[in-house]
1. Give 491, 475, 479 a once-over and let me know the one that is touching a residue at least 40 places away in the same chain (Cβ under 8 Å), surrounded by 24 or more Cβ atoms within 10 Å (Cβ to Cβ) and more than 10 Å from the ligand (Cβ to nearest atom).
2. Only residues that are under 23 Å from residue 215 (Cβ atoms) and buried (at least 17 other Cβ atoms within 10 Å of the Cβ): list them for segment 162-173, please.
3. Could you list, in sequence order, all residues of segment 194-208 that are out of contact with any strand residue (DSSP E or B) (no Cβ under 8 Å at 6 or more places or on another chain) and either open to solvent by less than 30 Å² (accessible area, probe 1.4 Å) or closer than 17 Å to residue 142 by Cβ (or both)?
4. Here are the criteria: (1) in contact with a strand residue (DSSP E or B) (Cβ under 7 Å, 6 or more places away or on another chain); (2) farther than 22 Å from residue 212 by Cβ; (3) of a type in the set (Ser, Thr, Tyr). Tell me which single one residue 29 does not satisfy.
5. Can you work out which of the residues in segment 591-619 that are of a type in the set (D, E, K, R) and within 6 Å of the ligand (Cβ to nearest atom) is least open to solvent (accessible area, probe 1.4 Å)?
6. Considering only residues that are within 13 Å of the ligand (Cβ to nearest atom) and open to solvent by less than 10 Å² (accessible area, probe 1.4 Å), which ones fall in segment 499-519?
7. Only residues that are surrounded by fewer than 20 Cβ atoms within 10 Å (Cβ to Cβ) and touching a residue at least 40 places away in the same chain (Cβ under 8 Å): list them for segment 462-472, please.
Amino acid sequence: MVRRAEALAAIMRSKRGIVIAGMHGKTTTSAMTAHVLREGGLHPCHYVGAEIPILGMNAHWDSRGEYFVAEGDESDGTIALFRPEHTLILNIEEEHLDFYADLDAIEKVFAQLITQTTGRVFYNLDDKNAARVCRSLAGAISYGFAAGADYRAIDIRLTAFASTFRVDHRGQDLGEAVLNVPGQHNVHNALGVIALASQLGVAFEKIAKSLAKFEHARRRFEIKYDSPRFLLVDDYGHHPTEIRATLKTARSVGRKRVLTMFQPHRYSRTKALQKEFGCAFDDADRVVVTDIYGSHEAPIPGVTGQIIADEIAGRGHRGVSYEPRLEWVQRTVGNMLESGDLVLSLGAGNIHEQLSALAADLVVAEKLKEGVGEGGEVRLYEPLSKHTTLRVGGPAQFWVEPRTEKAFAELIRFCRAENLPLFVMGRGSNLLIRDGGVRGVVVHPCGGDFDKIEINGAEITAGVGAKLKEVAYAGKAAGIGGMEWMEGIPGAIGGGLRMNAGAMGAQTFENVVRVRYLDADGEAHTKSRDELQVYYRNFPLLEKNFAVSAVFRGQRAPLEEIVRKLEASQEKRRTSQPAAKSAGCIFKNPDSCPAGKLVDELGLKNSRVGKARVSEVHGNFIVNDGGATAAEMLELIEKIKATALAKRGIELETEVQIVGEPG
Ligand code: EPU
């Protein structure tokens, strides 16, 4: 770093140097200066700290010009190496306390730069430290909003992505400036550039025209995604002052909520400015803080993102959380999304990658939303643990709830065209979803067409979203018996069909008359029972097709008989199966012996891995004692299988469907 600064300072000596210095905004302002001087015909050379599309490269040599614009780096004291003609001081604040002892030490370095400046010093009058250091300098030129500034912005209007203001130069109105980079802080930066360029002889009209054309550096309020429903913005802000300014800008954009993902930068800064960070997020509705991006620093014990989250919460902020795993920040924020949200990623490390990934998924989610229409629901990264009876499972990349057959068909076609995997999920009562969740679209047909139950004579038509239990009770209400066994199954019709679920010695397809389904092209078909191949706990047609509804047939029966059977079914479940969270029976019953009995005989009841435990009530149930992971469940399943094979020579086969990616 020092070498590079020495080389830069040496090169600059062959030109008339202009140094832009300050804690915040120096890259943008250096770029703005180089751009305005270039447009003003001065052919400046420049060196700025980021790729700025409008400048082409971040460093540029032009032998025709006299000036060299450079961004000075105060972080390691190397600004003291410059001997420029002009210096523009944006702000001076406590920062880089890994390098400096205190504010005094920082000010000394700025004072040295000022002493070495042969021409003019331009400074921000509204920044109290810059004003204190520069006010008494002979020939220094001030700018700002405050009365008394040599170049003063008045009639300032800040809009979503732009600002407009008039410039007053010691009582003379120079005219209007339009800035297409947002935020009040950028009005300050532009004023500094106006002051400097004016002094170098560029006409105000030229300056104003070029400022209007100026575009941001990357990662400075960079818009990653913009739709009427969502706005995703990335910003490099990592100091409390920058964060406050950026959040103020974000708030002024006029979206409903501002959700922020923040990655603290450097352990030393996090520790030194812990308190200041605590009050930097007042303008954010939600803040997810992840762990520190160390840059080149070694960790400091006890200094993590948690201390910032705690500090923010300690100040009374109600929407802050800590998510140490960077790759889960996207999931956490993505799952909070509601129409009208602005999402802001903040930090100088790699948090922007999370926002980019979110933006990419949001593009797909918005198309899915369009496909399912107003009534349907689309959510990103929905935790599937919320939708399984076992309460285990990572997130669905895209969670989609269509309400109509038409929307479901549309969805199938969209996934096919976009090459997106599609997985259908009902009540999640027979599912073990791995901790990494499910990639692609998880369809949950519910509500609307899918929850309907209709009675026609002794036939009951039910949508795939209806519960098996509800069919049993609809039967009871209409005096139709034969479906009482369904009372004992926690799942929905869709899952019941897919698995040919059963209880009390009965199984789903004993009652099925017809099934309506959509094929891989989204075309609807209706098939009667005799056209369908069905096996024990398996209905293969639904491996590649998607059930929409089914017609069940019972028989007229006296109410007392139906009630008696329903009660028997309830009683059987209550006395032989656990009430704890489970996915029903884990294993298929082998021919030789029911799996529950086998596990029982092997003495495996109550054996556990973490929070996954074999139920003491029924050996074929694994229960979640609270917070179990899929990995624990799978390890326990493997143990049981290995024991059954070793001790009894029986190969157990899982009945629950195991899906998704490892965590
Ligand atoms: N048994 C034991 N110890 C146990 C569990 C069971 O000795 O810990 C004995 C029972 O006493 C009985 C036999 O094993 O003699 C069979 O048990 P149960 O009657 O409970 O039936 P199951 O075969 O284990 C089946 C279904 C269940 C359904 C019940 C009730 C399968 C794999 N399981 O269980 O379905 O609820 O019948 O009708 O077909 C499911 O599909 O998820 C499910 C739980």
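The values are calculated or read from the model by the stated rules, or taken from the named source; none is laboratory data. Given the structure is predicted, the values throughout are model-derived calculations rather than measurements. Glycine also receives a Cβ, built like all others from the backbone with ideal geometry; neighbour counts cover every protein chain displayed. What goes into the accessible areas is simple: the full protein's heavy atoms, side chains included, and nothing from ligands, DNA or RNA. Shrake-Rupley method; radii C 1.70, N 1.55, O 1.52, S 1.80 Å.
1. On the way: 491 fails: more than 10 Å from the ligand (Cβ to nearest atom); 479 fails: surrounded by 24 or more Cβ atoms within 10 Å (Cβ to Cβ).
Being touching a residue at least 40 places away in the same chain (Cβ under 8 Å), surrounded by 24 or more Cβ atoms within 10 Å (Cβ to Cβ) and more than 10 Å from the ligand (Cβ to nearest atom) holds for just one of 491, 475, 479, which is 475.
2. To start, the set of residues in segment 162-173 that are under 23 Å from residue 215 (Cβ atoms) comprises 162-167.
Answer for segment 162-173, where residues must be under 23 Å from residue 215 (Cβ atoms) and buried (at least 17 other Cβ atoms within 10 Å of the Cβ): 163, 165, 167.
3. Looking only at segment 194-208, we keep the residues that are out of contact with any strand residue (DSSP E or B) (no Cβ under 8 Å at 6 or more places or on another chain), and these are 197, 201-203, 206.
Those that are out of contact with any strand residue (DSSP E or B) (no Cβ under 8 Å at 6 or more places or on another chain) and either open to solvent by less than 30 Å² (accessible area, probe 1.4 Å) or closer than 17 Å to residue 142 by Cβ (or both): 197, 202.
4. (2)
5. Only one residue tops the list, namely 600.
6. Those that are within 13 Å of the ligand (Cβ to nearest atom) and open to solvent by less than 10 Å² (accessible area, probe 1.4 Å): 500, 508.
7. Across segment 462-472, there are no qualifying residues.
Yes or no, residue by residue, for (1) near the ligand (Cβ under 10 Å from one of its atoms); (2) open to solvent by 50 Å² or more (accessible area, probe 1.4 Å); (3) within 16 Å of residue 491 (Cβ to Cβ):
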| residue | (1), (2), (3) |
| --- | --- |
| 544 | no, yes, no |
| 547 | no, no, yes |
| 550 | no, no, yes |
| 556 | no, yes, no |
| 559 | no, yes, no |
| 577 | yes, yes, yes |
| 589 | yes, yes, no |
